Every structure is written in structure tokens, then in C-alpha cells.
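Just below is one structure, and these are the notes that go with it.
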Amino acid sequence: MTVRTAIIGLGIMGRRMLAQMQAHDGYDPAMLWDPDPDACAQAAALAPEAAIATDASAAIAAADLVYLACPPVPRRALTLEAAAAGKALFIEKPLGVDLAASEAMVAAIEASGVPAAVNFTQAAGAALTGVARAAKDGALGDLVGVDIVVTYAAWPRAWQVGADWLRFRAEGGMTREVLSHFLFFSERILGPLSVRFAHPTYPPDPALCETHLLARLENAAGLPVSILASVGGAQPDRQELTIKGRATSRRITDFSVDAVSDGGPFTELAERPADPRATGLRAQLDALLLCLAGRPHPLATPQEALRVQRLVETMLTA
């Protein structure tokens, strides 16, 4: 049996998920919708057998699972509609940008009883699984903290420019889009975090998103998560999350490259896959089938995503 799926939002992420669902024997991405005709045309070229719905409601009504890859603000109403209709949900992050609205949304999902997960793409991956195991079995020794370093020459990055909303303060920015992944990962290892200090920097145009962020977060035991994020300068992208232990530390580069150090240079633990993004999305889809079946799974819950949103919005308004 395949899961009849509606994909709402056919931008970069929606089309990537469409391709991965087509290649997965557990899913039938049968219904597609986006308010942009060009996005619909691109998706139809990828999946000519799928139907372009007349509107979002029609797509929701015709599916058992609704994958929401649209921007955060319209995502809330669509989530509520799908949950009320008894449809399972797979929701892109960030969960939202308005905390009160997201709290009400999560409450509605839980009240509906539908299976629901949020797509923090490291959740089912080998890196998070391996680091969590190392933390639990003592291979890291006593934990010391987490360092997060993210630097980009430009934001949005070249492959993201089609999603113009990413450059605006209202819904976009690297803190919501990228740092949220690493905050989720950090909470899985350290437990719930709170913001102790945050200093975002914004450009003169108040409509545009942050260009820099310095922050310190802590868990209940006082272990720190230190964040340095910046945009600008001639440089390659840098995306690093380091989980530090007294015996060994683990560094995750570009979301999936897992390396270990016992004080010397970091050494990668596995051969890099030919297509890391496809490998990660495949693992997410495998785990989503467990969620839909009511079985234990590693995907982010709506409550976890809400905790990450609180951290993100607290830092952005500091």
C-alpha cells in the first residue's frame, strides 16, 4: 500500500520531496498545488502522472497525507484545515513565526489525533543517530557543550533565490531556515534549551532579515550552546555543529558529514554518499511511514518544533 499524498508548495523543497516520494515505494504523490503557475508547471514536468489541484482544499481532500512545503504564514491555516479533515501531516520547518499562532496550531494537531511530524532533516539521519548513541554510551565522556558556526557569502544562497520570501524579516532568514536544524539537533543531545544572550544584526532596510547572530543558550545543567552566524564576504558556505565531550567530540558538517576528534584533527566516520540530500530525505520518508503507522519514530514532533521556534523567535527579537 502506498500513501496517497498531497504536496502543497512546489518551490525548491516541494519539488525535491516530490522527486524523493516518486522514488519511494511507500508514497504516491498524486495531488500537487501551488499558487504560482510556474511552480505547478515545473512540478508537473517532474511528475506528469500527478494531478495539479484546483486549490489547496481540493488537494487536501484527495489525500491521506498532506506535506506542507509552503512558507510559514499560509502553512498555519492549511495545517488546521488538514488536521480538521483527519489528514496526516508532514510539515516543513520552521513551524511558524508567530508563537501564539503556533501554540494554537500544535494544540489543534494534538486534539485532532492525526499523525504529524515536522521535517527537521537530520532527525532520521545517521549523524544524529550516531552522536546520540555516543552521548548515551559514554563515548563522548562528560558533555561540555555545543558550538554552531554558520557563514554564507550571501543570503539567500544561489540555489534559494527563487524563494524570495527567504530574504525578508517577516518569514525568512538563516536563523529560521538553517540554525533551527542545529537547535533541534542540540536539544536532542542536551535536552531543552533556553536563551541566555542573543544579538542579531539587521540591515538598514527594516524589511530584510538578519545578517549576523551571536548567541548563547544553555540547557538545564548550564551546558552552553554557542552560536556564530554571519552573511557576507567572499567565502564558501560553512555549516558546522560540534558536540563537545571531554573524551571525544563530534563535528557535523553540512548537515550530514560526521567526524570525530579525541583532541587531534577531526576524522570522518563514514564515506560520503553520492547524494547526501537524497539520502537524508529517503531516511526521513522511511521514518515518516513509522509515524503514519503509529509506531516509534525519530522525526521531530510538533512540540519539539514549537520549542525550537520559541528559541529562534526569542533570539531574533533580542
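The values are calculated or read from the model by the stated rules, or taken from the named source; none is laboratory data. Every value quoted in this text rests on a predicted model; they were computed, and no experiment measured them. Positions of Cβ are backbone-derived with ideal geometry, glycine not excepted, and every protein chain shown enters the neighbour counts. These area figures cover heavy atoms from the full protein model, side chains too; ligands, DNA and RNA do not enter into them. Shrake-Rupley method; radii C 1.70, N 1.55, O 1.52, S 1.80 Å.
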(message) What are the pairs with Cβ atoms under 7 angstrom where one residue, in the stretch 179-205, is assigned to a helix (DSSP H, G or I) and the other, located anywhere, is polar (S, T, N, Q)? Sequence gap at least six, or different chains.
(response) 181/121; 181/122; 185/122; 190/219
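Table: residues versus (1) more than 15 Å from residue 92 (Cβ to Cβ); (2) surrounded by fewer than 12 Cβ atoms within 10 Å (Cβ to Cβ).
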position	(1), (2)
256	yes, no
263	yes, yes
267	yes, yes
271	yes, yes
275	yes, yes
281	no, no
284	no, no
289	yes, no
299	no, no
(message) Which condition from (1) free of Cβ contacts under 8 Å to residues at least 24 places away in the same chain; (2) more than 21 Å from the chain's Cα centre (by Cα) is the one that residue 245 breaks?
(response) (1)
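Is it the case, given these coordinates, that residue 201 is touching a Ser or Thr at 6+ places or on another chain (Cβ under 7 Å) and crowded, with 18+ Cβ neighbours inside 10 Å?
No.
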(request) Considering every residue within the stretch 237-247, establish whether at least one is modelled with pLDDT of 95 or more and either among the aromatic types (Phe, Trp, Tyr) or under 16 Å from residue 315 (Cα atoms) (or both). (result) no
(message) Just checking, does the stretch 209-224 include any residue being farther than 30 Å from residue 137 by Cα, in contact with a Lys or Arg (Cβ under 8 Å, 6 or more places away or on another chain), of a type outside the set (S, T, N, Q) and open to solvent by less than 20 Å² (accessible area, probe 1.4 Å)?
(response) yes
(request) Within the stretch 112-137, work out how many residues are open to solvent by 30 Å² or more (accessible area, probe 1.4 Å) and in contact (Cβ under 8 Å) with a residue 24 or more places away in the chain. (result) 7
(request) Name every residue in the stretch 113-138 that is farther than 19 Å from residue 63 by Cβ and in a loop (DSSP other than H, G, I, E, B), in order of residue number. (result) 120, 121, 122, 123, 124, 125, 138
